[in-house]
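Everything on this sheet refers to the single structure shown next.
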Amino acid sequence: MKKRVNTYLAIALTTYCNYQCFYCKKGGESISKERETISFSNIKRIISNAHECGITNFRITGGEPTSVTYFGKLIEYIMEFKDTKIRINTNGFKILEYIDILRKYKENIDIVFSVDSISEYIEGVHFPKYLSKDVIKITKVLKSNEISVRYNIVVTKLNQCEVKLFVLKSIDELKVNVKLLDLNKFSEYFGYSNNVKGEDALNLWKELFVPMSNFSEFLCEISNYSESDWTTQLISKGHGIPMSCYFRGNNWIQVKDSTRGAKYSEFCIKNCILYKTGNCQEGVFSVFLSSNLVLHLSGCNNNEIHFNLKGKKDRQIKKAFKDLLKLLD
């Protein structure tokens, strides 16, 4: 099978997370809301089939993936395959437990920290993923071992006041790349009460949403040069939400701006009611395995192209991958 250079499989290993950030939802990135973790035997079989379908890039997420007992063994397993790369999305609270494994494969691994603020509290709201002394220490340990690190910051009305200082501190002091993301529109959030749904969820999104254009002038001022349609190595420019990137020295700031629209497949445009009614904001950019073993496109709520891999044979798993990969071509 031909290697798919700019396609990755994202895997939500678990719905468990030690934090409940107000802008997140039950299950984290998984479409499942149940408290569950994929078994090691299941994830190995699915990764093996994905690799046979040409996928060599994997993004490990959750929930919090480092909380899964087999996390280290999973990294070792993926690296047994030829030409594989791994991106790990984490809040970092256990990442140094795996420093030996990360150091071993540092050429093919990068770490993406969720870090949302400099302050732990802003306007009385708790930001558990703030740039604490522990996060800075962990970052420095990873950097000293030549492991690539990026900070992801979800920008809202609350933390927008710290974005400029956060970016400069990350780039200039810690030498870490940064990605700014606007707030996803969900049908539910943890919110401030851990249970915000329906109309209340929409109102919370409207209350907190900040357009990324607010930071364009600042980013132009501090950067050496920029690109308006840029992406990291795991995704092609023809997929998903167009990204802008601003370069400062040897580091960069990437911006995900959902107001720029997204790129879709012909299937989406012709067949998907969610696309036609304007209820899809992610576009088509990666294949995603949720914690309940449902394979789908990242951010896609169209059940017609959700494939439950539970109990399926290898040929059925491969067919599910091939059906979704066609939408990326």
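So what J values fall out for the stretch 139-153 if you push phi through Karplus, 6.51 cos²θ - 1.76 cosθ + 1.60 with θ = phi - 60°, rounded to Hz, Gly and Pro as x?
With coefficients 6.51, -1.76 and 1.60, one gets 4, 5, 5, 4, 5, 5, 9, 6, 9, 5, 10, 9, 9, 9, 10 Hz.
For the charge dipole of the chain, defined by +1 on Lys and Arg C-beta atoms and -1 on Asp and Glu C-beta atoms about the Cα centroid, which residue among Ile86, Phe186, Val196 has the Cα displaced farthest towards the positive pole?
Ile86
Between (i) 70, 46, 38; (ii) 51, 48, 40; (iii) 70, 37, 35, which entry matches Cα extents along the principal axes in Å as derived from the coordinates of this structure?
Read-out from the structure maps to (ii).
Could you tell me which of Phe288, Ser236, Leu324 has its Cα farthest along the dipole of the chain towards the positive end, charges placed at Cβ (Lys, Arg +1; Asp, Glu -1), taken about the Cα centre?
Checking the options against the dipole of the chain, the answer is Leu324.
Give, in nm to one decimal, the length gained when the segment between Lys319 and Trp230 is fully stretched (0.36 nm per residue of separation minus the Cα-Cα distance).
Result for the pair: 28.9 nm of gain on full extension.
Tally the DSSP beta bridges in the stretch 109-207 and give the antiparallel ones as a percent, rounded to 5.
25
What list of ³J(HN,Hα) couplings, whole Hz, do you get for the stretch 77-85 from phi and the Karplus terms 6.51, -1.76, 1.60, once you set θ to phi - 60° and write x for glycine and proline?
5, 4, 6, 5, 7, 6, 6, 7, 10
As an exercise, use a Förster radius of 22 Å and the Cβ-Cβ distance of Lys164 and Lys143 to find the FRET efficiency, rounded to the nearest 0.05.
Once the sixth-power term is evaluated, E becomes 0.45.
Please work out the Kirkwood hydrodynamic radius for the stretch 32-160, using every pair of different C-alpha atoms, and report it in angstroms with one decimal place.
Here the Kirkwood hydrodynamic radius works out to 16.0 Å.
What is the gain in length, in nm to one decimal, between Ser119 and Asn214 on full extension, counting 0.36 nm per residue of separation less the C-alpha to C-alpha distance?
32.1 nm
Run lengths n ≥ 4 of DSSP H only: what is the helix-derived mean residue ellipticity at 222 nm for the chain, with -39500 (n - 2.57) per run over all residues, to the nearest 500?
-7000 deg cm²/dmol
Between Asn308 and residues 5 or more places away or on another chain, which pairs have amide H atoms under 5 Å apart, with H built 1.01 Å from N, and which residues are they?
Leu295
Rounded to whole Hz and in sequence order, give me ³J(HN,Hα) for the stretch 316-321 from the Karplus expression 6.51 cos²θ - 1.76 cosθ + 1.60, θ = phi - 60°, writing x for Gly and Pro.
6, 5, 4, 4, 4, 4
Which GluC sites (Glu not before Pro) does the stretch 82-187 hold that lie in a coil by DSSP with at most 16 other beta carbons within 10 Å?
Glu120, Glu123, Glu146
Using +1 on the beta carbon of Lys and Arg, -1 on that of Asp and Glu, and nothing else charged, what's the dipole of the chain about the Cα centre, debye to 20?
1120
Do any chymotrypsin sites (Phe, Trp or Tyr not before Pro) in the stretch 129-200 lie in a DSSP loop with no more than 13 other beta carbon atoms within 10 Å, and if so, which?
Answer by residue number: Tyr192.
Considering only DSSP beta bridges whose two residues both sit in the chain, what percent are antiparallel, to the nearest 5?
Around 40 percent antiparallel, to the nearest 5.
Could you list Ser223, Ser117, Ser298 in order of exposure, starting from the residue whose Cβ has the fewest other Cβ atoms within 10 Å?
Ser223, Ser298, Ser117
Could you tell me the calculated FRET efficiency between Arg45 and Lys104, based on Cβ-Cβ distance and R0 = 25 angstrom, to the nearest 0.05?
0.55
Quick one: which residues, 5 or more positions from Asn152 or on another chain, have an amide H under 5 Å from its amide H? H modelled 1.01 Å from N in the peptide plane, none for Pro or chain starts.
HN-HN under 5 Å from Asn152: Phe113, Ser114, Val115, Lys179.
Can you tell me which of Val154, Val287, Val196 moves the most in a GNM of the chain? Springs connect C-alpha atoms under 10 Å apart.
Greatest mean-square fluctuation among the candidates belongs to Val196.
Laboratory data are not the source of any read-out in this text; all were calculated from the coordinates shown. Remember, predicted model here, so these are calculated numbers, not experimental data. FYI the Cβ positions are ideal-geometry reconstructions off the backbone, even for glycines, and counts take in every protein chain you see.
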